[in-house]
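A.B. asks: Submitted below is the structure of interest, expressed as structure tokens.
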């Protein structure tokens, strides 16, 4: 399976905002974005005219990279959102938020989405009592997500939850029992539940061409 292997710090610099790929490091003075907040490359600090297409493309790239999807995966997710009832842009955000790797990150079971993907593929989590090792698995309302029993003693899990509560909080659509490393999907995520500054209409316009 294809995956991005270059420096993830360059992605934050390219998109002009912190995307928190490196967990703890992103909150320290070692963060590459804080030290060099301009785009990477020889002409990174140059200012040029930005076209409408460039704005749409950058927004799509930002969202795609934040959630850790490859181009084909993102396009398929958009197609699902377009087919579903409701507003396409809001459907897209809801489907991205409901990915198991994102849910694990938002609950604080992992320090970053990349760590969450790794932990999911290594069988750390159960959904409704069954092992799910597919990061793109979409949770549904009333689903129960919990850490596998043999993994609950790992110190980093409690540390990750504590950090998540103090930094970005646990979203309202998820109900967390942190003592038992278990959570319930209380409802489906809405547009205002995402913490990422996002202009989803630009993505809709891009794919509508």
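A.B. asks: Using a/c under 1.5 as the rounded threshold, could you call the range 99-188 rounded, prolate or oblate? The axes a ≥ b ≥ c are square roots of the C-alpha gyration tensor eigenvalues, and prolate needs a/b larger than b/c, oblate otherwise.
C.D. replies: Since a/c stays below 1.5, the shape of the range 99-188 is classed as rounded.
A.B. asks: What length, rounded to one decimal in nm, is gained on full extension from residue 118 through to residue 149, with 0.36 nm per residue of separation minus their alpha-carbon distance? Walk me through the numbers before you get to the answer.
C.D. replies: Numbers: separation 31, 0.36 × 31 = 11.16 nm, distance 1.76 nm.
Value of the extension gain: 9.4 nm.
A.B. asks: What FRET efficiency comes out for the pair residue 188/residue 209, r = Cβ-Cβ distance, R0 = 35 Å, nearest 0.05? If you can, show how the numbers build up before the last one.
C.D. replies: Numbers: r = 29 Å, r/R0 = 0.83.
Efficiency, rounded to the nearest 0.05: 0.75.
A.B. asks: Modelling each spin label as a point 7 Å along the Cα-to-Cβ direction, I'd like the residue 76/residue 170 distance in nm, to one decimal.
C.D. replies: 3.1 nm
A.B. asks: Please label the shape of the range 57-130 as rounded, prolate or oblate, based on the square roots a ≥ b ≥ c of the eigenvalues of the alpha-carbon gyration tensor (a/c under 1.5 means rounded; beyond that, a/b larger than b/c means prolate, else oblate). Show your work: numbers first, answer last.
C.D. replies: Working: a/c = 2.23, a/b = 1.54, b/c = 1.45.
Prolate, since a/c reaches 1.5 and a/b exceeds b/c.
Since every read-out is calculated from the coordinates, none of them should be taken as a lab result. These numbers were taken from a predicted model, which means no experiment stands behind them. A quick note on method: Cβ atoms are made from the backbone with ideal geometry, for glycine too, and the neighbour counts reach across all protein chains shown.
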